[in-house]
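Presented below is the structure to which this report refers.
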Amino acid sequence: MNPTKINSMGMELDEWKIDSCLAHFGVGDTWATLYDIRSGVRGKGQATRLLRAAKEYYEKQGKVFGGSVALNAAMKRIYEKLNIKEYC
């Protein structure tokens, strides 16, 4: 799976999709940051699979991978499980 480039509010973002889960990442020369993620079916592991794939993809490119502030306990657990740096 690879990201699709999209333009959102004047910013170029990478969009990732697995099943009903959709996520957007800001990407620079040395970093990739999760901006938002939504899942149509919660509790089925779709967000975890998406973030694991994205983290591997960007880290293979030598980028520091992190995420915006976790807005709920489930997202916080995923960050901890996958060792994703949370930007507070």
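In debye, nearest 20, what is the charge dipole magnitude of the chain about its Cα centre with +1 on Lys and Arg Cβ and -1 on Asp and Glu Cβ, if you could check?
The calculation lands at about 400 debye.
Find how much the distance from MET9 to TYR35 grows on full extension, using 0.36 nm per residue of separation minus their present alpha carbon separation; answer in nm with one decimal.
8.0 nm
Going toward the positive end of the dipole of the chain, with +1 on Lys and Arg Cβ and -1 on Asp and Glu Cβ, which of CYS88, ALA32, ILE78 do you reach last?
ILE78
Per the 1.4 Å probe, what fraction of the accessible area of the chain, in percent, lies on carbon and sulfur atoms?
The computed percentage sits at 51.
Pulled fully out, how much extra length does the chain show between MET1 and LYS85, if you take 0.36 nm times their separation in residues and subtract their Cα-Cα distance?
Once the chain is fully extended between MET1 and LYS85, it gains 28.0 nm.
Past the 18 Å Cα-Cα mark, which pairs from LYS17/LYS44; LYS55/LYS85; LYS63/LYS85? Can you show the working numbers first?
Working: LYS17/LYS44 14 Å; LYS55/LYS85 11 Å; LYS63/LYS85 12 Å.
Those over the limit do not exist; all pairs fall within it.
Taking the DSSP beta bridges in the chain as the whole, what percent of them are antiparallel, to the nearest 5?
On the way: 17 of 23 bridges.
That works out to approximately 75 percent antiparallel.
Throw me the Rg/Rh for the chain, computed over C-alpha atoms with Kirkwood Rh, two decimals.
That ratio is 0.93, to two decimals.
The values are calculated or read from the model by the stated rules, or taken from the named source; none is laboratory data. Given the structure is predicted, the values throughout are model-derived calculations rather than measurements. In this analysis, Cβ positions are derived from the backbone assuming ideal geometry, glycine residues included, and neighbour counts consider all displayed protein chains. The area values use the complete protein model at the heavy-atom level, side chains included, leaving out ligands, DNA and RNA. Shrake-Rupley method; radii C 1.70, N 1.55, O 1.52, S 1.80 Å.
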